[in-house]
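Each remark here refers to the structure printed beneath this line.
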Amino acid sequence: MMKKIILLFIINLVAVAIQAGELTAKADSAYAGKNYVEAVQLYQAEIDSVGPTSALYYNIGNCYYRMGSQGRAILNYERALKMNPRNADAIANLDFINSRLTDRPGERGTFLDNLGNSIASVMSANLWAVVGVVAFALVGIGILLYFFVENIAVRKIGFFGAGIMLVVVIVSILFGLRAASNATATNRAVVLVQSTILSTVPRTPSSSAEEAMMLHEGAVVTILDEVIVTSGDKEIIWLDVEFDNNHRAWIDASAVERI
């Protein structure tokens, strides 16, 4: 019975892999033929079938860029980088589009926070975990050398090596947790409408005094809070967002999509 279950599981995995390969081939063909809408649908179908990957989000971002939708292109490049912070192609394309945006943010976050995120993005959370496990094993080897080897030089190497590797373990845990947090965070969003006016209060500005600023398609904001406001028979979600350290206001949630 167990063998049949395992066999069926393997067959299912193979079938899924074949289906994913076919979808990728069709999507790539559609992209090459400049059928970008069809390509997006096929790449999205692959995500729905086998799950998201950095490469798939990157491909979708390319499609939207070709269609002139820079907001959705940025959204998908950002999603690609959440899954793989070292996706060089996504980094390059995102930098290129950002250089052409109307809205250029000022300083964001604190120096230490930005430095921590930069270091954490050097590797994925999984790779940080691998480094931590290897370093922990080396700590054990160092301890064994110190206690069970008679040679003084080797004991010193074991002692100091174990200390250094212990530091590496701690650093790997800290930055691995940060990398995992960044990968699962949903507090950043991209403006997808052509332009939108942000408000000083969680409602549509009723006067110029309540208008905080205007943001255009492609701007990335950090979500700090949200409220649901009833307007007539409709409920509208307003997000308290920060564009940079000097600009914070309320935006209609329908104008953005979370990364």
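Would you pick out the residues in region 237-249 that are open to solvent by 40 Å² or more (accessible area, probe 1.4 Å) and more than 20 Å from THR102 (Cβ to Cβ)? Reasoning before the result, please.
Residues of region 237-249 open to solvent by 40 Å² or more (accessible area, probe 1.4 Å): 237, 242, 245-248.
Across region 237-249, the qualifying residue is only ILE237.
Of the conditions (1) among the β-branched types (Val, Ile, Thr); (2) closer than 24 Å to ILE97 by Cβ; (3) open to solvent by less than 40 Å² (accessible area, probe 1.4 Å), VAL201 fails just one. Which one is it? With respect to (1) among the β-branched types (Val, Ile, Thr); (2) closer than 24 Å to ILE97 by Cβ; (3) open to solvent by less than 40 Å² (accessible area, probe 1.4 Å), VAL201 is out only on (2). Taken over region 204-236, the criterion of being open to solvent by 70 Å² or more (accessible area, probe 1.4 Å) and touching an Asp or Glu at 6+ places or on another chain (Cβ under 9 Å) is satisfied by THR204, MET214, LEU224, ASP225, GLU226, ILE228.
Meeting the requirement of 3 or more residues that are surrounded by 23 or more Cβ atoms within 10 Å (Cβ to Cβ) and acidic (Asp, Glu), no helices (runs of 4 or more DSSP H) wholly within region 37-105 can be named. Beta carbons closer than 7 Å, at least 6 apart along the sequence or on distinct chains, pair a first residue in region 29-42 that is within 13 Å of ARG72 (Cβ to Cβ) with a second that is open to solvent by 80 Å² or more (accessible area, probe 1.4 Å) and at pLDDT 95 or above for TYR36/ARG66.
Can we say ALA135 is open to solvent by less than 60 Å² (accessible area, probe 1.4 Å), closer than 30 Å to LEU75 by Cβ and part of a helix (DSSP H, G or I)?
On the way: open to solvent by less than 60 Å² (accessible area, probe 1.4 Å): yes; closer than 30 Å to LEU75 by Cβ: no; part of a helix (DSSP H, G or I): yes.
It is false that ALA135 is open to solvent by less than 60 Å² (accessible area, probe 1.4 Å), closer than 30 Å to LEU75 by Cβ and part of a helix (DSSP H, G or I).
Is it fair to say LEU192 is surrounded by 15 or more Cβ atoms within 10 Å (Cβ to Cβ) and in contact (Cβ under 8 Å) with a residue 60 or more places away in the chain? When the stated conditions are applied, LEU192 passes them.
Let's see how each residue does on (1) modelled with pLDDT under 95; (2) under 24 Å from ASN76 (Cα atoms):
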{"site": "SER199", "(1), (2)": "no, no"}
{"site": "GLU211", "(1), (2)": "no, no"}
{"site": "THR222", "(1), (2)": "no, yes"}
{"site": "VAL229", "(1), (2)": "yes, no"}
{"site": "ALA253", "(1), (2)": "no, yes"}
{"site": "VAL256", "(1), (2)": "no, yes"}
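In this structure, ALA162 does not qualify as open to solvent by 50 Å² or more (accessible area, probe 1.4 Å) and farther than 30 Å from ALA249 by Cα.
Could you go through region 168-176 and let me know if any residue there is loosely packed, with under 14 Cβ neighbours inside 10 Å and not basic (Lys, Arg).
First, the residues of region 168-176 that are loosely packed, with under 14 Cβ neighbours inside 10 Å: 170.
Adding the requirement that they be not basic (Lys, Arg) leaves 170.
Yes, some residue in region 168-176 is loosely packed, with under 14 Cβ neighbours inside 10 Å and not basic (Lys, Arg).
Of everything listed in (1) under 28 Å from TYR65 (Cα atoms); (2) among the β-branched types (Val, Ile, Thr); (3) crowded, with 17+ Cβ neighbours inside 10 Å, the single unmet condition for THR184 is (3). Scanning region 107-129 for residues that are in a helix (DSSP H, G or I), open to solvent by less than 50 Å² (accessible area, probe 1.4 Å), out of contact with any Lys or Arg (no Cβ under 8 Å at 6 or more places or on another chain) and not small (Gly, Ala, Ser) turns up at least one hit.
For (1) under 22 Å from ALA55 (Cα atoms); (2) in contact with a strand residue (DSSP E or B) (Cβ under 7 Å, 6 or more places away or on another chain), each residue gets a yes or a no:
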| position | (1), (2) |
| --- | --- |
| PRO85 | yes, no |
| ALA88 | yes, no |
| ILE91 | yes, no |
| LEU94 | yes, no |
| SER99 | no, no |
| GLU107 | no, yes |
| SER118 | yes, no |
| SER121 | yes, no |
| ALA125 | yes, no |
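Of the residues making up region 164-208, those that are within 11 Å of ALA120 (Cα to Cα) and among the charged types (D, E, K, R) number 1.
The values are calculated or read from the model by the stated rules, or taken from the named source; none is laboratory data. None of these values were measured; they are calculated from a predicted model. Please note: Cβ atoms are built from the backbone with ideal geometry, for glycine as well, and neighbour counts cover all protein chains shown. For the accessible areas, the whole protein counts, side chains as well, though only heavy atoms, and no ligand, DNA or RNA atoms are used. Shrake-Rupley method; radii C 1.70, N 1.55, O 1.52, S 1.80 Å.
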